[in-house]
Every structure is written in C-alpha cells, then in structure tokens.
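Beneath this line is the structure, given in structure tokens, with notes to follow.
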Amino acid sequence: MTPAARAKLKIDVLVDSDLWNDIAKVRSTVRRAVAQAAAAVSTTGAEVAIVLSDDSAIRQLNRLWRGIDAATNVLSFPTKRSGQDEPSHIGDIVLAYETIAREARAERKPFAHHLAHLAVHGFLHLVGYDHERDNEAEAMEQAERGILQRLSVADPYRTGVKGKKRSATRR
C-alpha cells in the first residue's frame, strides 16, 4: 500500500433502511462530514463504517449496548486499532433516520446539516472524544463547531442551553 493510500480514511456507508430516500446525497453528506472530522483530528490510515438505519434497529442496539430501551439519533461503536498495514477499522457509526428527521424539523434545521453534525459527533466518539463531564463536553462541542464551520453548517449549539442533555452516543 502506498503512503498516500495508507493516509486516506476509508469510509463505508451501509444502508440498512429504506427510509433513507436520496441515498447518493446522504452518502455524500456523511462521507464529507466524516472526512472533514478525520482531517481535523489527524486520523489517517483507518476505516470507519456508517450504517444508515432506523429507529427500530437503533433502539435494539441502544437497549443491548447501553441498557436504554429507546431510539436515539446516533450510536458510536469504537474498536481498537490492529496495527497492521491495512487500514484499521476504528469503529461503526449508526444513524437513525426517523429520530434525525424529527429533531431536524423540531429544531428547524436542514436535515443534511443535522445529519452532518451527528456523523461528525459519532466520529469524534470513535477517536476518543466524550461528553460525560462538562470539560469534555466543551472540548467535543468546540471540535464539532470547527469541523461543521468548514462544512458550512451552522453552529448546532448556538441556541443550546448549558447543562442540556447531550446526544446519546455510546463511548
């Protein structure tokens, strides 16, 4: 594998629900968002899978892995790097269509912007960011803001309230 090929992040987008209408645009949105996040945190030579799912499937995953019997917008499942020459799979990001669409409508955001934000959020979890403590949350939100700004996506926290419950993702 050449150094240039090794440096590139491999992004697989898997569609697990027919609810994702415009697949080409959605794939492009999540790939661009994750690539920008990877560039911002210097993640190279790795592979990530993004699963476009629905509320039913993500609810099952949330119940199984987090003990929470409810749908959520995004779940992240990090894995450990293998250290081999081939790209190391750093984890999976699962996105739920209905929850994302409902949140985008409620917050009066373009669906694509909210999707990009959640893809970035999920990716940052894969590389070690968290929001369990206030200082961690601030660092993660700052990283998200910077990445989203480069994607021409408005600050998703600009109308947020301090202490609000943050996105439910698995560390």
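Quick one: in the range 129-147, of everything that is touching a residue at least 60 places away in the same chain (Cβ under 8 Å) and among the hydrophobic types (A, V, I, L, M, F, W, C), which residue is surrounded by the most Cβ atoms within 10 Å (Cβ to Cβ)?
Checked the range 129-147; the qualifying residue surrounded by the most Cβ atoms within 10 Å (Cβ to Cβ) is 147.
Scan the range 97-128 for residues that are touching a residue at least 60 places away in the same chain (Cβ under 8 Å) and among the hydroxyl-bearing types (Ser, Thr, Tyr) and jot them down.
Listed by number, the list holds a single entry, 97.
Mind listing just one residue for me: the one in the range 116-126 that is more than 14 Å from residue 152 (Cβ to Cβ) and aliphatic (A, V, I, L, M) and, of those, surrounded by the most Cβ atoms within 10 Å (Cβ to Cβ)?
Among residues in the range 116-126 that are more than 14 Å from residue 152 (Cβ to Cβ) and aliphatic (A, V, I, L, M), the one surrounded by the most Cβ atoms within 10 Å (Cβ to Cβ) is 119.
Quick note: the coordinates plus some simple rules give every number you see, no bench work behind them. Fair warning: this is a prediction, and the values are worked out from it, not measured in the lab. Every residue, glycine as well, gets a Cβ built from its backbone with ideal geometry; the counts of neighbours run over all protein chains shown.
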